[in-house]
């Protein structure tokens, strides 16, 4: 496996992210590339890690580093402007790659 890399992103959280510490990798977040039928994901899902690097005052937005945890994930999608939803039991945030 090659060295783990990450991309810079802006994250808009659904609820106050102040409980998350800066510069600590958050684990077990999911990106769903398929759809949801009932309570089940269909299609591909990938696990990502997120490290909050800064907070935007007066909002629930944060700057962060985002990475997939495996090399065969769709890294090619992580380009400037690409956006996706994060899941942790439910939708928790929208990520936009910078």
Subject >> Lone unmet requirement of (1) touching a strand residue (DSSP E or B) at 6+ places or on another chain (Cβ under 6 Å); (2) modelled with pLDDT of 95 or more; (3) assigned to a strand (DSSP E or B) for residue 30 >> reply: (2)
**OP:** Return yes or no: is residue 53 closer than 14 Å to residue 7 by Cβ, within 14 Å of the chain's Cα centre (by Cα) and either modelled with pLDDT of 95 or more or exposed (fewer than 15 other Cβ atoms within 10 Å of the Cβ) (or both)?
**Re:** yes
Original post:
All but one of (1) over 24 Å from residue 19 (Cβ atoms); (2) surrounded by fewer than 18 Cβ atoms within 10 Å (Cβ to Cβ); (3) touching a residue at least 40 places away in the same chain (Cβ under 8 Å) hold for residue 85; which doesn't?
Top reply: (1)
Original post:
Do we find a residue being surrounded by fewer than 17 Cβ atoms within 10 Å (Cβ to Cβ) and under 14 Å from the mean Cα position of the chain (by Cα) anywhere in segment 57-65?
Top reply: yes
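The values are calculated or read from the model by the stated rules, or taken from the named source; none is laboratory data. Note that the coordinates shown come from a computational prediction; the quantities given were computed from them, not determined experimentally. Glycine also receives a Cβ, built like all others from the backbone with ideal geometry; neighbour counts cover every protein chain displayed.
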